[in-house]
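What follows is a set of notes on a single structure, which appears directly below.
The values are calculated or read from the model by the stated rules, or taken from the named source; none is laboratory data. As the structure is a computational prediction, the values presented were derived from the model and not from experiment. Virtual Cβ from ideal backbone geometry, glycine too; neighbours counted across all protein chains shown. These accessible areas exclude ligands, DNA and RNA; they are computed on the full protein's heavy atoms, side chains included. Shrake-Rupley method; radii C 1.70, N 1.55, O 1.52, S 1.80 Å.
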Amino acid sequence: MKSLQFMSAEAFVSNAEFARKSLSSVAPNLFPLLFKAGYLLEQGQVIHDLVENWPLADFNMGKLLGSTMDYQEDLTHRTCSVCLESCLIGLRDYVLHHSTPYVKRLKVVDLTAIKDVEVQFCQCKKTMGRWARTQLLSKLCLELLVYLQQTQCNMDTFEISIDVLIDLFVTERNYELVVQALLKKSCCPLKICCVAFRSDNLALQKFFYIINLTDPSLLRKLEVVHNVHLEMEHLEILFNSVHFPMLMSLTLPARTFNVQTFTATDERMLTNIGEKMAEMTQLTELSVSFSILTGRLQKLLSPLKTPLKILDVSNCSLNHADMTYLANSFHANHLETLDLSGHNIPDFYSSIFFKLLSHSSSVLRSLTLEDCNIQDIHVNMLILGLSSCQKLQEFKFLGNPLTSQALKHLFTFLCELPMLKNVEFPVPRDCYPIGITYPIDDASLCRFDHQKYEDVVKELNLILLKANREDVKASTPLFGSYDAAVQETNNELGAYLIKSFKETLEKLTTSLNKSS
């Protein structure tokens, strides 16, 4: 529902020329209302003018676009390119604008509440993702500095200092631009303050350099994901040389840890890394997927003094000792999000797994068990384990060899979980050719009876409908859940992979030529 005041705001912003001429007579406390109305209607020029003349000390996207009394819908998931570009350019022009009727009070701009989601509802259908926001803000900061150096500006302009809180996303393609913006931060009225940092497709040396420029003491989230070759020895160097006192979330790339080749030196390094992580007293989220941690999970996690709320140890080759430690650790009672994908849970860890579930059931909101060899004969056991997880909001179990009959049985139970909102389920085993083996390789993943699958989906949705659970979204993302960062930079990621493959072939050819 929209209040009468919000509808009036919509009428005001719908005419950009009228809004611009009338802005000087608008009370400062109405600017947030007009901003949300302009954002909803995608009035880029009005958004620019509002930001350029912003009369308040705070500009927080979460508060401005979140649910309000005048309009309850949360717009933070709308990463509309028209709106966000107008907003950032308006911020630059705020610094340069001299004729504003208001005293320049703006001190903090917070962009961190913007959420990148798969489906956009904006009319332009063109998004500005995290990478593009990083790129544009860095570009505008540098343009602002050049303009100030080349033009005789009012002395008051040089006294403006605005902290711009943002989640940076850096790859090889925008690295130089972001580095320059961070190096010149002290001279620029718009000061980039990195709250969260993600790095993909970046040489290790460049990663180490830029992470120091971000002011790590303020960093709350660090994601080192694709094609950054960070191994255990590099992680130890990073933690020994850089301190992250405010870090709450840490994501490490695949194969950071590899205990298959562990030496006494590696054991020492792992111990040191665990101790350094213990110094991060705010750390509650950890992702170490696709590392090999067999028998070493306790050594990594036991030094932590703060319980983890989010843990991703998917495809980490955990053994019975690892699972036993996790189930009995103080982390178990606090886990809100847990990913154990890639482990043969029914055959190797069933009793320990259910102990873990029972300990975390009072808080567990998201559970991912992809490629865990859960078969029809395990469904009743799975239902028993999940029945205590009454706060579960998300359950993902792609890649498990379950038939359509087993899925219907499971869905009937899932309807009883009151807070469940999202389910990701596998293509039924009986939709694939007889003899298909699990885990299914990428080449065979799409080779199933699509009509039969659609029929099963209709039956599953009917189960939800009959239970009055249309609020539950059920889907089968064959190639994994949506990743906004990968989606935005997939061309660069693809080019990087091709380049790496070419280099590998060249090395192999050179090696073969030498041996012959």
*Any idea of the accessible area per residue across segment 285-360, 1.4 Å probe, to the nearest Å²?*
35
_Partners for Lys355 among aspartates and glutamates (Cα-Cα distance below 16 Å; same-chain residues under 8 apart left out)_ = Asp322, Glu336, Asp339, Asp347
*Give the cross-link partners of Lys63 among the aspartates and glutamates, using a straight C-alpha distance below 13 Å as the criterion and excluding same-chain residues fewer than 8 apart.*
Glu73, Asp74, Asp110
*Exactly which trypsin sites (Lys or Arg not before Pro) in segment 253-295 are in a DSSP loop and have at most 16 other Cβ atoms within 10 Å?*
Arg255
*Give the carbon-plus-sulfur fraction of the accessible surface of segment 353-498 in %, rounded to a whole number; probe 1.4 Å, heavy atoms of protein chains only.*
55
*Rounded to whole Å and sorted largest first, list the principal axis extents of the Cα atoms in segment 327-445.*
43, 28, 23
*For the chain, what does -39500 (n - 2.57) per DSSP helix run (n ≥ 4), summed and divided by total residues, give at 222 nm, in deg cm²/dmol to the nearest 500?*
-12500 deg cm²/dmol
*Residue separation times 0.36 nm, minus the C-alpha to C-alpha distance between Asn29 and Asn490: what's the value?*
161.8 nm
_For a quick check: with amide H placed at 1.01 Å from N, whose amide H comes under 5 Å from Asp58's, ignoring anything fewer than 5 positions away on the same chain?_
Lys107
*Does anyone have the angle between helix 31-40 and the longest principal axis of the chain? Alpha-carbon axes, 0 to 90°, nearest 10?*
50
_Part-to-part distance (alpha-carbon centres) for segment 285-342 and segment 74-143, which is given in Å_ = 38
*When the accessible area of segment 248-336 is split by element with a 1.4 Å probe, what percent falls to carbon and sulfur?*
51
*Consider just the alpha-carbon atoms of segment 105-161 and return their Rg together with their Dmax, both in angstrom.*
15.8, 46
*Determine, at each q value in 0.06, 0.07 (inverse angstroms), the log₁₀ of I(q)/I(0) that the Debye formula gives when each Cα of the chain is one equal point scatterer.*
-0.35, -0.48
*Counting only the heavy atoms of the protein chains, how much of Val456 is accessible to a 1.4 Å probe, in Å² to the nearest 10?*
10
*For segment 113-129, Karplus couplings with θ = phi - 60° (6.51, -1.76, 1.60), whole Hz, Gly/Pro x*: 7, 5, 10, 8, 10, 6, 9, 9, 9, 6, 5, 6, 6, 10, 9, 10, x
*Val164's amide H: which non-local residues (gap 5+, or another chain) put their own amide H closer than 5 Å, with H modeled 1.01 Å from N in plane and none for Pro or chain starts?*
Val109, Lys191, Ile192, Cys193
*Which whole-Hz couplings ³J(HN,Hα) result when phi for each residue of segment 278-283 is put into the Karplus expression 6.51 cos²θ - 1.76 cosθ + 1.60, θ = phi - 60°, listed in order with x for Gly and Pro?*
5, 6, 7, 6, 9, 5
_Which entries of Lys2/Lys36; Lys309/Lys396; Lys221/Lys396; Lys185/Lys206; Lys206/Lys305; Lys139/Lys184 have Cα-Cα distances beyond 20 Å here?_
Lys221/Lys396; Lys206/Lys305
*asked:* Could you give the length gained by full extension between Val108 and Glu17, i.e. 0.36 nm per residue of separation minus their alpha carbon distance, to one decimal place?
replied: 29.9 nm
*Would you mind estimating how fast segment 120-193 diffuses translationally, via Stokes-Einstein at 10 °C and 1.306 mPa s with the Kirkwood radius over Cα pairs, in µm²/s?*
117
*Selected from Gly90, Ser24, Leu56, residue furthest toward positive end of dipole (segment 20-92; charges at beta carbon)*: Ser24
_Under Karplus coefficients 6.51, -1.76 and 1.60, residue-wise ³J(HN,Hα) of segment 232-246 in Hz, glycine/proline x_ = 4, 5, 6, 5, 4, 4, 4, 5, 6, 9, 10, 9, 10, x, 9
*Mind grabbing the accessible area of Asp156 for me, 1.4 Å probe, Å², rounded to tens?*
100
*Translational D in µm²/s for segment 114-269 (Stokes-Einstein at 25 °C, 0.890 mPa s, Kirkwood Rh from C-alpha pairs)*: 140
*Dividing the alpha-carbon radius of gyration of segment 1-106 by 2.2 N^0.38 Å (N being the number of residues), what value is obtained?*
0.98
*asked:* Just to confirm the number: angle between the C-alpha axis of helix 130-150 and the first principal axis of the chain, 0 to 90 degrees, nearest 10?
replied: 30
*Could you give the angle, 0 to 90 degrees to the nearest 10, between helix 404-414's Cα long axis and the longest principal axis of the Cα atoms of the chain?*
60
_Average accessible surface area per residue within segment 82-235, 1.4 Å rolling probe, Å²_ = 45
*Take Asp93, Asp347 and sort them by solvent-accessible surface of the protein heavy atoms, 1.4 Å probe, largest at the top.*
Asp347, Asp93
